[in-house]
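The values are calculated or read from the model by the stated rules, or taken from the named source; none is laboratory data. Bear in mind that the values here come from a model prediction, so they are computed numbers and not experimental data. Quick reminder, even Gly has a Cβ in these numbers, built from the backbone with ideal geometry, and neighbours come from all protein chains shown.
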Amino acid sequence: MEYLIKILQRDAFKWLVLVIDLVFVSTSFILSYYVYNLTLDFDVNKILVQLPIIALVTLIAFLITGSYKGIGQNTGIRNVNAIFNAICLSSILVIFLVLGNSVFQIENSFTITFIHHHCTKFS
């Protein structure tokens with residue numbers, strides 16, 4: 001038990017950085033609806049369905065790339081590269097989820113308008 005507490009204390013800053021990153025992504029996602037619509041009049045129920053999925057995909061991308069591990073120590077090009085990789089991976093995963101959902105019609109609320117519009121414009 002003491003070993004577990006030591007590990008949690010040692011890695012607490014890393015997990016805090018991960019949580020802050022997820023808050024930034026979630027806030028950016030909500031703000032993107034405002035920027036796209038130029039109004040606060042959008043369907044909140046869609047955001048309540050989409051936001052947990054976006055947060056989960058982003059969490060997976062951050063965990064895979066380990067972008068939260070090096071922040072605060074020797075922040076440099078390696079950390080910028082890890083964050084860039086996490087953003088690219090999460091974007092690719094979300095695009096595949098949106099396109100897969102539009103093909104298989106799994107969840108009607110999970111069609112992110114600006115991604116769906118730009119990805120299906122060429123088909």
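Once the range 25-43 is narrowed to residues that are surrounded by 11 or more Cβ atoms within 10 Å (Cβ to Cβ) and aliphatic (A, V, I, L, M), the residue that is modelled with the highest pLDDT is Val25. Please determine whether any residue of the range 94-105 is within 30 Å of Arg10 (Cβ to Cβ) and either exposed (fewer than 14 other Cβ atoms within 10 Å of the Cβ) or at pLDDT below 80 (or both). No.
Lys46 meets the conditions (1) more than 10 Å from the chain's Cα centre (by Cα); (2) loosely packed, with under 14 Cβ neighbours inside 10 Å; (3) on the phi < 0 side of the Ramachandran plot in every case but one. The failed one is (2).
Being in contact with a helix residue (DSSP H, G or I) (Cβ under 8 Å, 6 or more places away or on another chain) and over 17 Å from Phe96 (Cα atoms) is the filter here, so list the residues in the range 30-62 that pass it. Hits for the range 30-62 are Ile30, Ser32, Tyr33, Tyr36, Leu40, Phe42, Ile47, Phe62.
Looking only at the range 18-46, residues that are in contact with a Ser or Thr (Cβ under 9 Å, 6 or more places away or on another chain) and of a type in the set (Val, Ile, Thr) come to 1 in all. Among all positions in the range 1-13, there is no residue which is out of contact with any Pro (no Cβ under 9 Å at 6 or more places or on another chain) and either at pLDDT 90 or above or buried (at least 16 other Cβ atoms within 10 Å of the Cβ) (or both).
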